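Each remark here refers to the structure printed beneath this line.
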Amino acid sequence: MPTILLTLVLLGLASAAYHLGRGKALSVSADGAPLHSLPRYHGYYVALWCGLPALALLVAWTVLEPQALRALMIAALPPELRGLSSQHLSLVVNEVRNVALHGAQPSSAAVAEAARHYTALSATGSWLLTALCAALAVAGLSWGRSRIHADARMRNAVERVVGVALVACSTVAILTTIGIVLSLIFESLLFFEHVPLHAFLFGTEWSPQMAIRADQVGSSGAFGAVPLFAGTLLISAIALAVAVPLGLLSAIYMSEYAQPRFRAVAKPLLEILAGIPTVVYGFFAVLTISPFLRAVGARLGLGIEAESALAAGLVMGIMIIPFVSSLSDDVINAVPQSLREGALGLGATRSETVIQVVIPAALPGIIGGVLLAASRAIGETMIVVMAAGMAANLTANPFAAVTTVTVQIVTLLVGDQEFDSPKTLAAFALGLVLFCVTLALNIVALHIVNKYREKYD
Amino acid sequence: MTDMAEITAAPAAAQAAARTDVIARRLARRHAAERRFRAIGIGAVVVSVAFLGTLLFNILSNGFGALLQTRILLDVAFDPAVMDIGERRDADSLAAADYGGLVKAAMAARFPEVASRGEKRELNALLSNGAGDALRRMVQDDPRIIGTTRPIWLIASSDLDMAVKGIMPRQAGAEGLRFSERQLAWIGKLEAEGALARQFNTRLFTAGDSREPELAGLLGAIVGSAFSLGITLLICFPIGVATAVYLEEFAPKNRWTDLIEVNINNLAAVPSVVFGLLGLAIFLNTFGLPRSAPLVGGLVLALISLPTIIIAGRAALKAVPPSIRQAAMGLGASKLQTVTDHVLPLAMPGMLTGTILGMAHALGETAPLLMIGMVAFIVDIPAGPLDPAAVLPVQVYLWSDSPERGFVEKTSAAIIVLLVFLSLMNLAAIWLRKKFERRW
């Protein structure tokens with residue numbers, strides 16, 4: 001890859017520039033003039049002048065080159081090809097590119113000629129790029145070096161560049177959010193051109209298979225997402241029903257009763273549960289929990305399906321136990337000791353203190369933690385993909401197979417590369433709903449937790 | 001007076017006795033409630049830990065079997081005529097030679113009494129389809145063995161492997177039996193003569209994926225994970241550290257920095273599938289990067305772990321006491337010099353710990369990688385970050401989806417490998433924290 005090689009060469013040049021700049025600064029100061037900035041800042045200054053413009057050019061070139069090459073190549077095509085519709089033209093362009101880059105057989109003389117032209121252009125381009133980068137680097141180096149004198153404020157200049165770089169890095173997080181929101185909204189809008197919003201949000205039938213031929217039966221494609229929302233809620237409710245009591249009681253025991261030694265062992269053990277990848281939980285659900293539940297169900301005369309909401313919810317609950325317990329642990333520990341001492345001093349037993357004083361005081365924080373856990377459960381994917389199934393049943397029966405929003409996002413997109421069918425776009429609409437719901441849950445939860453914290457701090 | 005006192009004292013004493021009795025009973029009840037509550041608390045902890053134990057025990061007991069693999073000892077005659085190469089010894093001929101034929105010939109030599117076609121097919125079914133691969137490698141390493149006869153352990157078929165390990169039945173007449181009576185007799189004969197043994201499964205760590213459970217290996221996924229995590233680290237460590245430094249040391253308190261902060265906290269809670277959608281829409285469709293490539297996987301994972309690293313980095317910077325900054329500034333250091341020369345080195349262990357934990361999380365991430373096409377069935381070991389590849393957790397998912405019974409064991413083995421890598425990373429983080437933790 002010449003781009004990588006060029007980058008490495010430029011970095012090498014920059015480090016040479018650093019030594020040149022530093023050397024010159026040292027010799028200036030050896031002549032007796034006291035330097036304003038340390039010699040290394042002179043080095044950094046020259047290195048920045050040498051490397052930054054050339055690297056910027058390299059990046060810009062890499063981004064723009066394909067477009068420019070395409071335009072140049074089209075301009076050189078014979079007029080009968082150039083006059084084609086844009087779709088046909090892009091087919092020709094792809095063919096030319098395949099011939100030029102991968103040695104495919106050209107279908108016509110014009111294409112072969114265009115491919116030769118393309119190869120020549122890109123060869124010239126890469127020479128031009130190398131020459132330009134080298135020229136920029138050397139020019140930058142000598143310019144930067146010429147600026148070195150005793151009271152040049154090199155440190156300030158370098159620090160300004162670093163400051164700009166820091167700000168740029170901190171905007172990456174913002175850009176990510178913008179990217180998420182824009183891509184979700186964009187594709188969702190395309191989806192809602194095919195399917196009306198109310199049919200999506202309130203429809204009760206989900207069968208995203210689109211008809212390939214117009215006369216096919218039974219695959220008209222229905223995008224009513226209510227069964228998915230119901231399935232997500234059912235599984236999350238089961239998960240919370242497992243995780244909240246276990247997590248909360250564990251946290252209470254650990255913070256109010258346990259000896260430090262017990263705590264030191266049990267707490268990390270619980271946190272391991274949070275570190276296990278979700279795909280492992282999914283496999284555990286399929287391999288162990290589902291057959292176990294089926295066997296138990298058969299004993300009791302309950303028909304539990306192989307892929308049941310119960311199995312997925314149970315395993316997801318295990319996964320979020322440490323989430324609930326560590327958040328509750330934090331808020332329980334934040335309850336001031338004086339409240340406990342007051343209750344104990346009035347003769348309450350420890351459990352009475354916990355139930356009647358500590359928990360009510362910690363309740364907002366605990367609720368916040370439960371909401372965060374709920375948002376985790378709603379967004380969890382692998383466990384449900386592996387254990388909950390694909391059937392979009394609208395049911396509240398935990399022994400039946402249900403499907404969730406995340407399962408459908410995955411199944412709609414895996415293996416499908418076409419990007420204009422409602423089937424793939426539906427995944428983005430589901431993603432948008434998921435994003436909004438988890439975001440809302442988080443904001444509410446963080447708000448509750450923060451408000452509560454202020455009360456005692 | 002005294003009479004009256006006696007009259008009232010007697011019921012009073014009785015009342016008092018009754019009251020102490022009530023109090024004692026109530027106290028006993030309250031203490032019992034106390035013990036119950038305590039027991040429930042212990043019970044919750046025990047149940048949670050028991051879940052962990054069951055999970056780990058299940059995976060370990062299922063997966064350790066896959067470290068061993070059943071093989072059959074055969075005397076393989078490297079006959080150029082059978083290999084169909086004549087006198088040619090160039091690399092292409094050696095690669096294309098008929099090694100399956102060698103295996104079949106060796107099997108026929110072992111059981112000369114087998115004559116009919118059907119019987120031969122049953123006999124050869126005891127060995128894996130890929131049993132000849134090992135022979136190819138031997139010949140390519142040293143072509144001089146052509147013409148000699150060597151005793152070689154060849155990989156058995158998955159069915160035989162499962163039966164030898166006791167996972168599938170091997171008694172005549174048992175339900176779900178996958179062998180004919182003839183095959184059972186041959187297996188018995190091989191076993192009696194010591195030509196059937198379980199040996200360490202090297203393929204698990206040296207081969208790529210395969211449709212055959214006995215041939216499938218993890219190397220492709222391990223290399224894919226390494227490339228992805230490398231890209232993730234290259235992107236999110238510098239950006240994460242820079243963002244943490246900016247927010248903690250330089251940022252003015254204004255709307256913009258508040259926005260960044262809120263944003264980072266919320267990004268940390270966005271479900272990872274949504275990041276997968278982002279990767280699909282932006283990296284694949286807008287930028288036109290290749291599907292299934294570790295490069296894209298690494299980019300998506302970097303965006304996922306960035307908030308974690310920033311939050312950990314800020315905590316590490318907060319832990320450096322202000323006196324360090326004041327001392328540096330008092331000696332004339334600029335703000336940036338203070339940070340790069342004093343604060344950052346002191347905060348670095350904390351930042352590295354956070355980064356390692358973020359990486360460990362990224363290593364286990366599956367769902368967003370499914371979106372960007374890293375679920376393809378890929379046999380070749382990726383040579384660079386642009387080659388199509390699978391990663392470890394996706395390999396787990398793929399194998400767990402395969403219907404063959406042999407893949408259950410393989411999946412557990414893959415999970416064990418994944419968990420080993422995760423625990424190594426976590427141990428490294430703990431070690432770093434222990435070694436460099438400072439109390440100011």
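With a threshold of 30 Å on the Cα-Cα distance, the over-threshold entries among A:LYS267/B:LYS165; A:LYS267/B:LYS435; A:LYS24/B:LYS318; B:LYS410/B:LYS435; A:LYS267/B:LYS335; A:LYS267/B:LYS318 are A:LYS267/B:LYS165; A:LYS24/B:LYS318; B:LYS410/B:LYS435; A:LYS267/B:LYS335. Of the residues in segment A:380-414, those shielded by at least 10 Å² of accessible area once partner protein chains are present, compared with the chain alone at a 1.4 Å probe, are A:THR381, A:MET382, A:VAL385, A:MET386, A:ILE409, A:VAL410, A:LEU413, A:VAL414. Helix-only arithmetic for the protein assembly as shown: the sum of -39500 (n - 2.57) across DSSP H runs with n ≥ 4, divided by the residue total, places the mean residue ellipticity at 222 nm at -23000 deg cm²/dmol. Summary value for chain B: 18 percent relative contact order, contacts being C-alpha pairs under 8 angstrom separated by 6+ residues. One equal scatterer on each Cα of segment B:67-206, no solvent, Debye formula: the resulting log10 I(q)/I(0) at q = 0.17, 0.19, 0.20 Å⁻¹ is -0.94, -1.13, -1.22. For segment A:241-256, a drop of 50 Å² or more in accessible area on going from the chain alone to the assembled protein chains (1.4 Å probe) is found at A:LEU246, A:LEU249, A:TYR253.
Among B:ALA315, B:ALA125, B:ALA32, the residue with the largest mean-square fluctuation in a Gaussian network model of chain B, with springs joining Cα atoms closer than 10 Å, is B:ALA32.
Three principal axis extents describe the C-alpha atoms of chain A; from largest down they are 83, 81, 37 Å. Accessible surface area normalised per residue over the protein assembly as shown is 48 Å², counting heavy atoms of protein chains with a 1.4 Å rolling probe.
The fraction of Cα-Cα pairs per 10 angstrom bin, counted from 0 for segment A:81-202, comes to 10, 16, 15, 24, 21, 11, 3, 0 percent, rounded to whole percents. Taking the centroid of alpha carbons for each part, segment A:281-324 and segment B:289-367 are 39 Å apart. Which whole-number percent gives the relative contact order of chain A, counting Cα pairs below 8 Å spaced six or more residues apart? In percent, rounded to a whole number, it is 16.
Here the Gaussian network model covers chain B, with springs between Cα atoms less than 10 Å apart; of B:GLY330, B:GLY130, B:GLY188, B:GLY330 fluctuates the most.
Per residue, the average separation of C-alpha pairs within less than 8 Å and at least 6 apart gives segment A:236-311 a relative contact order of 22 percent. When the solvent-accessible area of segment B:219-436 is split by element, carbon and sulfur atoms take up 68 percent of it, the probe being 1.4 Å. Between B:PHE377 and A:LEU91, the FRET efficiency from the beta-carbon distance, with R0 = 30 Å, is close to 0.55.
Considering only B:MET348, B:MET329, B:MET374, the Gaussian network model of chain B with Cα springs below 10 Å gives its largest mean-square fluctuation to B:MET329.
The spacing between segment A:426-445 and segment A:6-66, judged by their C-alpha centroids, is 47 Å. Using bins of 5 Å that start at zero, the share of Cα-Cα pairs per bin across segment B:346-440 amounts to 3, 12, 17, 18, 17, 12, 9, 6, 4, 2, 1, 0, in whole %. Total buried accessible area between A and B, probe 1.4 Å, nearest 100: 6300 Å². Modelled spin labels at B:LYS165 and A:ALA222, positioned 7 Å past Cα toward Cβ, are 4.4 nm from each other. Exposed loop sites here mean GluC sites (Glu not before Pro) with a DSSP loop assignment and at most 11 other beta-carbon atoms within 10 Å; chain B contains its longest site-free run at B:194-436. Roughly speaking, what is the centre-to-centre gap between segment B:81-148 and segment B:216-281 when only Cα atoms are used, to the nearest Å? One Cα centre to the other: 51 Å. The phi torsions of segment B:205-219, fed into the Karplus equation with coefficients 6.51, -1.76 and 1.60 and a -60° offset, translate into couplings of 10, 10, 10, x, 5, 7, 7, 9, x, 6, 9, 6, x, 9, 4 Hz, rounded to whole numbers, with Gly and Pro shown as x. As a fraction of the 1.4 Å probe accessible area of segment B:2-64, surface on carbon and sulfur atoms comes out at 69 percent. Which residues belonging to segment A:431-450 lose at least 20 Å² of 1.4 Å-probe accessible area when the assembly is complete, relative to their chain isolated? In segment A:431-450, residues shielded by partner chains: A:LEU434, A:PHE435, A:THR438, A:LEU439, A:ASN442, A:LEU446.
Sequentially through segment B:105-112, phi angles give Karplus couplings (6.51, -1.76, 1.60; θ = phi - 60°) of 4, 5, 5, 5, 5, 6, 10, x Hz, Gly and Pro residues having no value and appearing as x.
Find, among the trypsin sites (Lys or Arg not before Pro) in segment B:258-361, those assigned to loop by DSSP (not H, G, I, E, B) with at most 15 other beta-carbon atoms within 10 angstrom. Within segment B:258-361, the qualifying trypsin sites (Lys or Arg not before Pro) (loop, at most 15 other Cβ atoms within 10 Å) are B:ARG291. Across the accessible surface of chain A, with the other protein chains kept in place and a 1.4 Å probe, carbon and sulfur atoms take up 66 percent. In this rough spin-label picture, where each label sits 7 Å from Cα along the Cβ direction, the B:ASN254-A:ALA306 distance is 6.2 nm. An ellipsoid equivalent to the protein assembly as shown, defined through the eigenvalues of its Cα gyration tensor, has semi-axes of 53, 47, 30 Å when rounded to whole angstrom and sorted largest first.
The values are calculated or read from the model by the stated rules, or taken from the named source; none is laboratory data. Keep in mind the model is a prediction, meaning the values are calculated, not measured. Reconstructed Cβ throughout: ideal geometry from the backbone, glycine too, with neighbour counts over all protein chains shown. Ligands, DNA and RNA are stripped out before the accessible areas are found, and what is left, the full protein with its side chains, is counted by its heavy atoms. Shrake-Rupley method; radii C 1.70, N 1.55, O 1.52, S 1.80 Å.
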